[in-house]
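S.K.: This is the structure, below, for whatever I ask next.
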Amino acid sequence: MKSLQDIQKIVAKFNVKPGPEMRSKVLDEALEIQRNQNQQSISDTKLNIWRIIMKSPITKLATAAVVVIACLIGLSFWRTTGSGIALADVLARIEKANAFGSSRQWSESEKITGEDPNKPPYVDDARTYLISQEYGLKFKEQPKEQPDPNGGESTFLEEYWLLQKKTKISISHKKKEYTREEFEDDWLERQLEWPWANDPRVLVKEILGCKYESMGRATIDGIEVEGFQTTDPNWVGNAPNIRQVDVKMWVDVKTWLPVRYEEAYVYFEEKRQRFEHTHSVMHDFRWDVVVDAAEFEPPVIPDDYTGTVVKWPSINEENAIQGLKLWVELLGNYPKSIMDMIVLRDFTALRSAFEKSETPAAMRLKEELKGLSQSDKTNRLRVAMLPMQCLNKFRIKLGGDKKDPAYYWKIVTPKDTDKVLMRWKVSDNEYRVIYGDLHAETVTPDKLAELEKALPK
Amino acid sequence: MLEDKLLLWKFKRGSSEALERIYDKYEAYLITVATALLNNTHAAEDVLHDFFISFVKSADKVKLHGNLKAYLATCVANLARNRIKRMQREPIALDDNDSIESAVLEPDLLAIQEEETAILNQAISQLPYEQREVIVLHLQADMRFTQIAKLRSTSVNTIRSRYRYGLEKLRSLLNSEVLK
């Protein structure tokens with residue numbers, strides 16, 4: 001006999017899974033309506049303002065006067081802010097420097113409802129950068145609050161981006177491990193152009209690409225500075241899950257070079273359903289540093305460190321297609337979402353997904369790995385799965401280059417020969433399309449619109 | 001929840017990302033509530049479709065006094081009720097067992113669970129709608145009796161009685177099945 005409590009438990013556990021096409025059927029239509037509403041709301045606002053203006057001759061005259069004054073003010077601000085500094089000129093000044101150094105400090109914390117707001121951050125690191133336009137980038141990461149007990153320098157991570165050797169070397173002193181990645185193409189050079197390299201040129205460009213405003217003047221460490229601020233959600237290309245952006249750049253009014261850069265945002269961590277608050281400050285900028293070529297030679301790695309060498313193929317369309325093919329062969333499907341790609345971007349996560357897979361190709365590969373030593377097994381798997389990681393790098397490249405990429409991995413299968421699996425912009429008049437069966441072609445924007453319209457709802 | 005408040009704030013300002021997130025977060029939950037009320041997955045999907053379309057269309061009018069989860073469940077329950085009134089008949093028994101799934105379990109446990117779910121679904125469909133609604137909103141949507149009473153403009157005691165009678169009937173129906 002079931003008690004009333006049992007019945008309550010059974011009903012509470014009742015769980016229905018939505019049909020596979022439910023999401024696209026409902027959400028696509030809702031999103032379409034939302035888009036139309038947003039457009040309508042913009043045009044309504046414009047129309048209402050226009051109606052108010054046109055209603056009376058006095059407002060017409062007053063509006064004309066305001067327009068003339070605004071134009072005059074606008075012209076005087078065309079190149080500079082009120083105090084004489086334009087952010088575009090700051091960028092031009094930075095670009096004149098051959099090499100620059102800086103320090104950056106991070107603190108990250110999770111905010112959980114009901115938890116002590118004064119809980120110390122769980123990440124509290126400091127990095128010292130040296131960036132050379134000719135040689136590349138290197139940094140050392142040190143714990144801010146855990147100095148070496150012997151009074152020495154306690155570095156737990158070093159990274160070298162050696163442009164001329166197309167090689168990236170990361171050394172974890174904490175784990176006594178290193179990774180050496182060799183690239184065939186300009187991947188490393190391109191990475192310097194993206195925000196995560198912390199190159200001040202890119203940081204200024206990101207603010208310039210957003211809606212920003214002057215914060216007026218202040219004094220930092222005895223230097224008179226002018227501040228620029230953006231809270232634009234489009235910062236770093238409207239990155240997924242980043243909210244409450246607040247970015248500030250303070251510039252020396254005499255040299256027009258950055259003195260301090262502050263970045264704060266909230267990241268929603270989907271897996272754990274938590275908000276992560278990140279705050280970082282970049283300071284101690286050093287401009288036109290004299291760099292010795294020896295500083296960008298591969299570092300000597302201690303004998304007792306273990307390492308991995310990865311030789312990346314070119315990060316291009318061809319290898320991305322290989323990656324997609326492997327996703328299906330080894331894991332049974334295309335990535336379901338960008339988050340799927342992000343979670344599986346590193347080898348360890350990819351390996352764990354492979355271990356659970358039972359596709360014929362996965363079973364064959366598992367068979368091949370039998371009898372190999374642990375390190376041989378790892379190396380063999382790493383090589384086999386490299387194209388899958390290439391696909392993720394290609395996705396990052398399209399996003400970093402603002403190529404308007406779109407992915408339909410959720411609704412397109414390998415059998416869909418005429419359906420768009422992914423696409424990106426090649427030029428104003430051309431898009432590149434990869435279809436479900438992995439053949440690719442270049443199409444016009446009109447043709448793409450037709451193809452996307454035909455996608456399952 | 002802070003995230004829900006932030007999502008709703010962004011949604012009301014036309015954020016497609018927020019709409020997508022709300023959908024993904026509550027789709028399974030709302031389809032469960034709708035299916036339990038209507039006992040028909042196709043009808044439940046229609047209700048969910050109608051709800052999201054009207055949710056978007058009236059985004060600027062949405063006012064949240066409690067939590068988003070309960071708000072969404074209330075809206076879906078209202079639509080389900082209207083649908084039933086419109087049909088002027090009790091909903092048909094579930095015709096799509098395949099689309100009902102429980103949490104991921106080992107294969108043998110899953111088979112047992114599926115059978116239990118189907119039996120439960122049949123039992124729920126035999127309850128009068130008013131009792132079924134209170135049971136689903138209270139147990140599935142975590143709504144308090146006072147909230148349900150307010151929603152249905154009736155007294156808390158009536159809601160409690162409907163819940164108690166409904167649960168008793170469910171117990172007698174389930175105990176007569178092979179569910180021991």
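S.K.: Yes or no: A:Tyr265 in the same structural domain as A:Arg127 (by TED's automatic domain parsing), over 30 Å from A:Asp185 (Cα atoms) and without any contact (Cβ under 8 Å) to a residue 40 or more places away in the chain?
M.R.: Judged against the criteria, A:Tyr265 is a match.
S.K.: Taking the condition of being facing another protein chain (nearest Cβ under 7 Å) and under 30 Å from A:Asp232 (Cα atoms), how many residues in region B:28-63 meet it?
M.R.: 4
S.K.: Can you list residue pairs whose Cβ atoms sit under 6 Å apart, with the first residue in region A:286-304 being part of a helix (DSSP H, G or I) and the second being surrounded by 15 or more Cβ atoms within 10 Å (Cβ to Cβ)? Count only pairs 6 or more apart in sequence or on different chains.
M.R.: Correct list of pairs: A:Phe296/A:Tyr135; A:Phe296/A:Gly136; A:Phe296/A:Leu162.
S.K.: A further question follows. With respect to the numbered conditions (1) touching a residue at least 60 places away in the same chain (Cβ under 8 Å); (2) under 24 Å from A:Tyr431 (Cα atoms); (3) surrounded by fewer than 17 Cβ atoms within 10 Å (Cβ to Cβ), which one is the sole condition not fulfilled by A:His283?
M.R.: With respect to (1) touching a residue at least 60 places away in the same chain (Cβ under 8 Å); (2) under 24 Å from A:Tyr431 (Cα atoms); (3) surrounded by fewer than 17 Cβ atoms within 10 Å (Cβ to Cβ), A:His283 is out only on (2).
S.K.: For region A:3-21, name all the residues that are more than 7 Å from chain B (Cβ to nearest Cβ) and assigned to a loop (DSSP other than H, G, I, E, B).
M.R.: If the condition is that a residue be more than 7 Å from chain B (Cβ to nearest Cβ) and assigned to a loop (DSSP other than H, G, I, E, B), then A:Ser3, A:Pro20, A:Glu21 are the ones that fit.
S.K.: In region B:137-156, which residues are surrounded by fewer than 18 Cβ atoms within 10 Å (Cβ to Cβ), polar (S, T, N, Q) and assigned to a helix (DSSP H, G or I)?
M.R.: B:Thr146
S.K.: Only one residue in B:Leu127, B:Leu139 is within 12 Å of chain A (Cβ to nearest Cβ) and farther than 25 Å from B:Leu68 by Cβ. Which one?
M.R.: B:Leu127
S.K.: While we're here: When the residues of region B:42-64 are filtered to those that are buried (at least 24 other Cβ atoms within 10 Å of the Cβ) and over 21 Å from B:Ser15 (Cβ atoms), which remaining residue is farthest from the chain's Cα centre (by Cα)?
M.R.: B:Val47
S.K.: So, one more: Would you please list the contacts, defined by Cβ atoms under 8 Å and residues six or more apart or on different chains, that run from a residue in region A:340-368 that is at pLDDT 75 or above to a residue that is part of a helix (DSSP H, G or I) and aromatic (Phe, Trp, Tyr)?
M.R.: A:Ala362/A:Phe354; A:Leu365/A:Phe354
S.K.: Next question, about the same structure. For region B:123-144, state whether one or more residues are at pLDDT below 85 and β-branched (Val, Ile, Thr).
M.R.: There is at least one residue in region B:123-144 that is at pLDDT below 85 and β-branched (Val, Ile, Thr).
S.K.: Which condition breaks for B:Tyr23 when tested against (1) at pLDDT 85 or above; (2) within 18 Å of B:Gln147 (Cα to Cα)?
M.R.: For B:Tyr23, the failing item is (2).
S.K.: I need the full set of residues from region A:185-213 which are of a type in the set (Gly, Ala, Ser) and surrounded by fewer than 18 Cβ atoms within 10 Å (Cβ to Cβ), in order please.
M.R.: A:Gly209
S.K.: Residues in region A:407-417: is at least one in a helix (DSSP H, G or I) and either under 28 Å from the mean Cα position of the chain (by Cα) or among the aromatic types (Phe, Trp, Tyr) (or both)?
M.R.: No: region A:407-417 contains no residue that is in a helix (DSSP H, G or I) and either under 28 Å from the mean Cα position of the chain (by Cα) or among the aromatic types (Phe, Trp, Tyr) (or both).
S.K.: Also: For B:Leu120, which of the numbered conditions (1) surrounded by 17 or more Cβ atoms within 10 Å (Cβ to Cβ); (2) assigned to a helix (DSSP H, G or I); (3) at pLDDT 80 or above fails to hold?
M.R.: (3)
The values are calculated or read from the model by the stated rules, or taken from the named source; none is laboratory data. In this text, all values refer to a predicted model and were calculated from it rather than measured experimentally. Every residue, glycine as well, gets a Cβ built from its backbone with ideal geometry; the counts of neighbours run over all protein chains shown.
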